[in-house]
1. Given label points at 7 Å from Cα along Cα→Cβ, what nm distances, shortest first, separate A:Leu271 from the same residue in every other copy?
2. Checking an interface number: how much accessible area is buried between B and A, summed over both chains, with a 1.4 Å probe, in Å² rounded to 100?
3. Which trypsin sites (Lys or Arg not before Pro) in the range B:183-285 sit in a loop by DSSP (not H, G, I, E or B) and have at most 10 other Cβ atoms within 10 Å of their own Cβ?
4. What are the nm distances, shortest first, from B:Ala16 to its equivalents in the other copies, labels at 7 Å along Cα→Cβ?
5. How far, in nm to one decimal, is A:Ala102 from itself in the other copies if the label point is set 7 angstrom along Cα toward Cβ? Shortest first, please.
6. Just how far, in whole angstrom, is the range B:268-303 from the range A:275-301 if you go by their alpha carbon centroids?
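The values are calculated or read from the model by the stated rules, or taken from the named source; none is laboratory data. Fair warning: this is a prediction, and the values are worked out from it, not measured in the lab. Positions of Cβ are generated from backbone atoms using ideal geometry, with glycine treated the same way; all protein chains shown enter the neighbour counts. The accessibility values were calculated without ligands, DNA or RNA, using every heavy atom of the protein model including side chains. Shrake-Rupley method; radii C 1.70, N 1.55, O 1.52, S 1.80 Å.
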Protein chains: 2
Amino acid sequence: MADIERILAGDLRAMARAATAIENRTAPAEALLKELFPHTGKATIVGITGPPGAGKSTLVDQLTRTLRGQAKSIGIIAVDPSSPFTGGAILGDRIRMQSHHADAGVFIRSMATRGRMGGLAAGTFEMAMLMDAAGRDVILVETVGVGQDEIEIARLADVTAVVLVPGMGDDIQAIKAGLMEIADVFVINKADQAGADRLELELKAMLQISPQHGGLDVPIVKTVASEGQGSCEALDAIFAIKAAKSSDGVGIWKLRLREMIRERLLERLPLHELDEAAVGVAARRQNPYAVVEEWLSRLKLTS
Amino acid sequence: MADIERILAGDLRAMARAATAIENRTAPAEALLKELFPHTGKATIVGITGPPGAGKSTLVDQLTRTLRGQAKSIGIIAVDPSSPFTGGAILGDRIRMQSHHADAGVFIRSMATRGRMGGLAAGTFEMAMLMDAAGRDVILVETVGVGQDEIEIARLADVTAVVLVPGMGDDIQAIKAGLMEIADVFVINKADQAGADRLELELKAMLQISPQHGGLDVPIVKTVASEGQGSCEALDAIFAIKAAKSSDGVGIWKLRLREMIRERLLERLPLHELDEAAVGVAARRQNPYAVVEEWLSRLKLTS
């Protein structure tokens, strides 16, 4: 049986091999994804994002337990802001996730930051495609939601839950504002701590002035993930949003096609010429804007 | 006098107008940057990055005070992870920075996350070019160092200082690892708090196993920025690194030329065709990998 068939049948070892190929961005991975693509589009992809310390991993753990209780198969992608060389090994998250390691119904992979722009969102999307094609019902994508990458990842999810906790400082205010525009639902985790009600009021006030959400109802769910409280309510809110959105996926694919072309374009161009120009630019003998204009004027799309 | 000459003479109002044009990515901004380019390459660009709550803004404030005492002119770019619609207004940072607002020797701008990939790093680099051409001696670029964008920004700086504080949790461990590869110098801020010595030992241990740094000496400076302690030592370390690196800038420009082309390429292509393909892809009638392959095969660089 070929790898593609094994994956479509949900074979864990074939999935693991494919996931590694996707992580390493090999050419066979691209060929595989091309074959898997027609079998995608069935899973619900849920983004779980929020600042460091919000308890996202614990929440993902609890959501997974609840979904497994409903006999749903799960994929988890932990997007890891750490560098490739350390991998995800030092993340406390991983240790907590071990509680599912013996359950074949939970397939977990982490995606580490790659050295090139946009690579993280692209890789995460491809990993979700793999899990989707392999028949996973729900794919949970966990990110530390503070950068542009995480916002791009959220755009590719069906539903994005932003996890916050009471009592964070000034910097978090800014992050909260940045996450406001991608939130389909807010989860106030550690809701048994002081300040949970105040945070809820703040969020409601921010939602009212937000151009994305003004007048719209964005649910706010309170959880104490470490004790399993609120995870059913959070899932109910997530699936209600998924049902109400009923996206046709065209918007996502407009974005993805652009990204796929952007990612691959440079590989097709004679970059050694560009590197020679960089020498002249660094010495201020050549002007980078002139170099780029000239290149772009030479680029033609034939029919 | 034309705007370009005013900027080269350091005129604050002309700089402010140009900065706004760069933020808004107008066509005149690109023409202006093209003219400014030959006058760049003199400033020292210092990236100041680290997780939320590390006290980066307070440190930037103190470094600014110290540099002003040495009669150096300063540019500050605060890279803001919040969304464009909230601007930087809610950041506590901005309030602290007001202490320099009456000093013409300190030019401050913030860069908000834009809606497209790579835009933040590009915009930050252009803003630094403006300040450089206008004769600023040192440009401090402050980012919340947790995403790919921030790592890209760090690559464009001459020297990157990573700011950490004692006593952060698991998530911070991961961020620390991600920042490890971009750090030219570590600043342990709030070094009067418990755990500062332990953090220093941890960093030294991480540096030893890091392939970037293995065996190399990365200075670790302790500061209490809120009381002005350690800012001279931090600057000494930064300038010593700048002197030792003596980069010719070719590496940076290889990267920048690629990014400039990547950013501009899609604008030159007939995107309505791609949007039509997205409809077929979303309905699983067309395969995105086939669509992209076909486009790329039609793209030619004429000589």
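1. Spacings between copies for this position, smallest first, are 2.4 nm.
2. On the way: alone 16010 and 16010 Å², together 23420 Å².
Using a 1.4 Å probe on protein heavy atoms, the buried area is about 8600 Å².
3. On the way: sites: B:Lys190, B:Arg198, B:Lys204, B:Lys222, B:Lys242, B:Lys245, B:Lys254, B:Arg256, B:Arg258, B:Arg262, B:Arg264, B:Arg268, B:Arg284, B:Arg285; in loops: B:Lys190, B:Arg284, B:Arg285.
When the trypsin sites (Lys or Arg not before Pro) of the range B:183-285 are filtered for loop state and at most 10 Cβ neighbours within 10 Å, B:Arg285 remain.
4. 6.2
5. When each copy's label point is compared with this one, the spacings are 7.0 nm.
6. One Cα centre to the other: 26 Å.
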